[in-house]
Amino acid sequence: SAGPLDPNTEVVIACPAPYIIFARDLLPTEVTLAGQNSYKVAKGAFTGEISPAMLKDCHASWVILGHSERRQLFNESDELIGEKCAHALAEGLKVIVCIS
């Protein structure tokens, strides 16, 4: 059995997007969820991308942006990450920004 969570600490779990709803059903309500990425615009034909609105629909309140894997494998620049951050914040998500 798990002990109580410290009410002064926010616990955030960032699981892959397909599992966010599943995780929400399993975890205590005190644990918040994050997406591992989101795109810089709300709508459009961006196959495979996830928008902040989609993350919120899955009950995620956070998103991680600028992870080193995204920077290396997808050549994400500081400029793109800045655009993603601005959009995520404007859409009401909290952002964890990874700085390289």
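Every number here is computed from the coordinates shown, using simple stated rules; none is lab data. All values derive from a computational prediction rather than experimental measurement. Here the Cβ is made from the backbone with ideal geometry for all residues, glycine too, and neighbour counts use every protein chain on show.
A few points about this structure:
- Every test in (1) more than 15 Å from the chain's Cα centre (by Cα); (2) outside any loop (DSSP other than H, G, I, E, B) is passed by Ile64 save one, and that test is (1).
- When the residues of the range 39-69 are filtered to those that are in contact with a strand residue (DSSP E or B) (Cβ under 8 Å, 6 or more places away or on another chain) and over 17 Å from Pro18 (Cα atoms), the one that is surrounded by the most Cβ atoms within 10 Å (Cβ to Cβ) is Leu65.
- Count of residues meeting criterion [part of a helix (DSSP H, G or I), without any contact (Cβ under 8 Å) to a residue 12 or more places away in the chain and not hydroxyl-bearing (Ser, Thr, Tyr)] in the range 1-28: 5
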